[in-house]
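The values are calculated or read from the model by the stated rules, or taken from the named source; none is laboratory data. Just so it is clear, the structure is predicted and the values come from calculations on it, not from any experiment. Cβ placement follows ideal geometry from the backbone for every residue including glycine, while neighbour counts extend to all protein chains displayed. Please note that ligands, DNA and RNA were not included when accessible areas were found on the heavy atoms of the full protein model with its side chains. Shrake-Rupley method; radii C 1.70, N 1.55, O 1.52, S 1.80 Å.
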Amino acid sequence: LGGMGKTQIALKFAEDVSSQYGYVFWVDATNEDTISTSLKGISSIPSAKTADVDGTPESVLYWIASLSKE
């Protein structure tokens with residue numbers, strides 16, 4: 001379904017709600033491996049490092065879930 005504007009819709013949504021959220025994360029959900037790689041990449045951002053998030057996808061998801069409570 002290439003060329004239908006999915007990326008543009010996602011970018012517009014992220015732009016529209018950016019003031020409501022502290023973070024916007026992009027996760028490649030092509031398959032389980034790319035999801036895992038994307039989540040591991042999120043663990044390297046400074047805020048995650050400060051929160052002592054290790055490189056596991058589970059710890060990243062736990063940290064992301066805790067962000068709404070801050």
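Taken over segment 1-49, the criterion of being aliphatic (A, V, I, L, M), surrounded by 10 or more Cβ atoms within 10 Å (Cβ to Cβ) and not in a helix (DSSP H, G or I) is satisfied by VAL24, VAL27, ILE45. Cβ separations smaller than 8 Å between residues 6+ apart or across chains give the following pairs from segment 16-35 residues that are over 17 Å from VAL60 (Cβ atoms) and of a type in the set (Ser, Thr, Tyr) to residues that are open to solvent by 70 Å² or more (accessible area, probe 1.4 Å) and not in a helix (DSSP H, G or I): SER18/VAL24. I'm trying to understand the selection: among the residues of segment 50-61, which are out of contact with any helix residue (DSSP H, G or I) (no Cβ under 8 Å at 6 or more places or on another chain) and either open to solvent by less than 50 Å² (accessible area, probe 1.4 Å) or modelled with pLDDT under 95 (or both)? Result: THR50, ASP52, ASP54, SER59.
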